[in-house]
Each structure stands twice: as C-alpha cells, then as structure tokens.
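Working notes, beginning with the structure itself.
The values are calculated or read from the model by the stated rules, or taken from the named source; none is laboratory data. Since the structure is predicted, the reported quantities are computational estimates derived from the model, not experimental observations. Positions of Cβ are generated from backbone atoms using ideal geometry, with glycine treated the same way; all protein chains shown enter the neighbour counts.
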Amino acid sequence: MHTDSVTITHPHRIVFPQLKLSKQDVADYYRAVAAWILPGIADRPLSLVRCPGGIGKTCFFQKHLAKGAGDHVHGVTIAEKNGVDRYLYIDDAQGLLELVQLNVLEFHPWGARVTDPEHADRIVFDLDPHASVAWARVQAAAESLREQLASIHLESFVRTSGGKGLHVVVPLQPGASWDEVRDFAQSVAEALVALEPKEFVSVAGEKNRKGRIFIDWLRNGRGATSIASYSLRASESAGVAMPLAWADLKRIKSADAINVQNAIDWITKRGKDPWAAMHGMVQKLPRF
C-alpha cells in the first residue's frame, strides 16, 4: 500500500514515554498494519483520538473534517440535530498516514458506511469488567455472549479491546434502523443479565458493575463508535485492539496483552485473518 508520500514531521517526538516510542514508531506501526486496519475503517465516519504531546498530556477527540487534514482525508455530510456537519473519513493507506501525521493514535469508526450512514452493518458489545473481575471471567463472558447470539442464529467475532475488556462483534446486512439495532443490542444484554445476574450488568456506572462485567450495548446508536480492529490505544501499555479466532481467546492473558511491541509478530505468526468470514457475511437482525 502506497504511504511513502506522507512525511512524518517531528518523527523523534516521544509519544509513549514508558515504552520510549516515538511518533515515527507509531507511523511505522500503522504502515505495517495498513492492509489489516483499512477494511474496518475505510469509508466509515471516524472519531479520532489525537495526542499532539503524546500520552500523559492533553488528548482530544475529533470527528469533523478540519482544514489541513490532508488530500486523502475526506468529508461526508451527515445530518445532526441542529443541521448538518462534515464528518471525516478515509479510503486508503495514504489517508491513514495523513491522520497519523496529525498525531492520531486511536481510530473509532461508526458501525455504518458513508454511503449508508443511517443503517448499521455491525453490532458491537463491549464487555467492560470491574477492576475486581478476573480475566478468566471476561473470557467466559465472551463465550456466553457468543452462545446467546448463536441461539438466535447470529455468528459473532471477538477481539481484545486493547484496554480492559473484550469486544464481541456481529456483522449485519444493512437494513434495520439505528433505533432497532440499539434496542436489539439492549435486549440481548438484558437477557444475558437475566441468565447470569452475578456476572453481568447492563446499566452503566461504576457502582452498578462492582464485581461484575458491564455489557456495553450503547455503542450501537446513531453516531456512536467503537475502537477499530488493529488500532492502538492511547495508554501506557500501547495496547492494540486485536481480532482473534475464538479458539485463540484462551491464549490471551489480558485485554492489552497484544500491544504495539508484539502485534506485528502476532499478525505474522497468525497468518490469515481470523475475521475473514465476516466480509460478505449476510445476517439480518432477528426478532428477539
């Protein structure tokens, strides 16, 4: 993929102080994973986490197209409550690196494409554990959610979040409205809470999830985003949101066990894309 035309300024600026990783190291990572990350973010409205001074200093979200973003960073007009605005998106590796040049560390796509922003083509369940919850319980939670989805004939895929938990992702054929998708995700979460109330909670808030795992279904509303597969995290460990085969889940020791320092080795040794079957999969939102 062609990225050589993108110049990285201030390449030696330290971005991850504890790991002594520079802006150039971040750019090198995204160049290496461009072919892997693009299928999940290309042609989707994006929210970005930008950290001009590196982690530990001020970082901020950006979702609207701004001047100077680069020739390969595009805008799409999307209706908002008070009118319309220009959301940014990319469609190639040069756009990816132009955003990295702007100190982007995290990529958070919509669950819909710019060609059809009103209909989701994926559902994301974020399994967010309380600090007291052992990692083995998070792994078991993902398997329970997978079984729940399979019982209504939906195939799902798993990835590390790069932060604290796991994401279970369900591809959809676009057609259902955002409200229908969000309500469905809420119903699935509440059903799992009813089955295993000591393990799960579907209501946000630290006090609600003490000793349990929050099934975050709120990422499925219009305009909501979730971390992209292969994206870095703006954290001390520089965790990576890594797609996994379900059979590999038990090998992972924590949500940030795969990070910027070992992700390329993981991808190389793995070889094939564990989410390859997702592309082109036709699944409609069932009644639940």
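Per-residue answers, yes or no, for (1) closer than 30 Å to Lys210 by Cα; (2) in contact with a helix residue (DSSP H, G or I) (Cβ under 7 Å, 6 or more places away or on another chain); (3) not basic (Lys, Arg):
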position	(1), (2), (3)
Lys67	no, no, no
Ile78	no, no, yes
Ser144	yes, yes, yes
Glu155	yes, no, yes
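Any idea which of (1) under 21 Å from the mean Cα position of the chain (by Cα); (2) in a loop (DSSP other than H, G, I, E, B) is the one Lys210 doesn't satisfy?
With (1) under 21 Å from the mean Cα position of the chain (by Cα); (2) in a loop (DSSP other than H, G, I, E, B) applied to Lys210, the lone miss is (1).
Go through (1) of a type outside the set (Lys, Arg); (2) in a loop (DSSP other than H, G, I, E, B); (3) at pLDDT 95 or above; (4) surrounded by fewer than 21 Cβ atoms within 10 Å (Cβ to Cβ) one by one and return the number of the condition Leu249 breaks.
Evaluating Leu249 over (1) of a type outside the set (Lys, Arg); (2) in a loop (DSSP other than H, G, I, E, B); (3) at pLDDT 95 or above; (4) surrounded by fewer than 21 Cβ atoms within 10 Å (Cβ to Cβ) leaves (2) as the failure.
If you check Ser226, Ser235, which single one turns out to be closer than 18 Å to Pro39 by Cα and at pLDDT 95 or above?
Numbers: Ser235 fails: closer than 18 Å to Pro39 by Cα.
Step by step, each of Ser226, Ser235 is checked, and only Ser226 is closer than 18 Å to Pro39 by Cα and at pLDDT 95 or above.
Provide a single number: the residues in the stretch 133-182 that are of a type in the set (Phe, Trp, Tyr) and touching a His at 6+ places or on another chain (Cβ under 8 Å). So that I can check it myself, show each step before the final result.
Of the stretch 133-182, the ones of a type in the set (Phe, Trp, Tyr) are 135, 157, 178.
Filter again for touching a His at 6+ places or on another chain (Cβ under 8 Å), leaving 178.
Summing the residues that are of a type in the set (Phe, Trp, Tyr) and touching a His at 6+ places or on another chain (Cβ under 8 Å) in the stretch 133-182 gives 1.
Going through the stretch 252-275 one residue at a time, which ones are of a type outside the set (Asp, Glu), loosely packed, with under 13 Cβ neighbours inside 10 Å and not in a loop (DSSP other than H, G, I, E, B)?
Hits for the stretch 252-275 are Thr268, Lys269.
Is there a residue being assigned to a loop (DSSP other than H, G, I, E, B), over 17 Å from the mean Cα position of the chain (by Cα), modelled with pLDDT of 95 or more and at positive phi anywhere in the stretch 111-126?
no
Filter the stretch 223-241 down to the residues that are hydrophobic (A, V, I, L, M, F, W, C) and touching a strand residue (DSSP E or B) at 6+ places or on another chain (Cβ under 7 Å) and list them by number. Lay out the reasoning, then the answer.
Start the filter on the stretch 223-241 by keeping residues that are hydrophobic (A, V, I, L, M, F, W, C), which leaves 224, 227-228, 232, 234, 238, 240-241.
Correct list: Ile227, Ala228, Leu232, Ala234, Ala238, Val240, Ala241.
Could you tell me how many of the residues in the stretch 135-178 are farther than 19 Å from Ser202 by Cβ and part of a loop (DSSP other than H, G, I, E, B)?
Residues in the stretch 135-178 being farther than 19 Å from Ser202 by Cβ and part of a loop (DSSP other than H, G, I, E, B): 9 in total.
Mind listing whichever residues of the stretch 180-222 are in contact with a strand residue (DSSP E or B) (Cβ under 7 Å, 6 or more places away or on another chain) and surrounded by fewer than 16 Cβ atoms within 10 Å (Cβ to Cβ)?
Those that are in contact with a strand residue (DSSP E or B) (Cβ under 7 Å, 6 or more places away or on another chain) and surrounded by fewer than 16 Cβ atoms within 10 Å (Cβ to Cβ): Ala204, Asn208.
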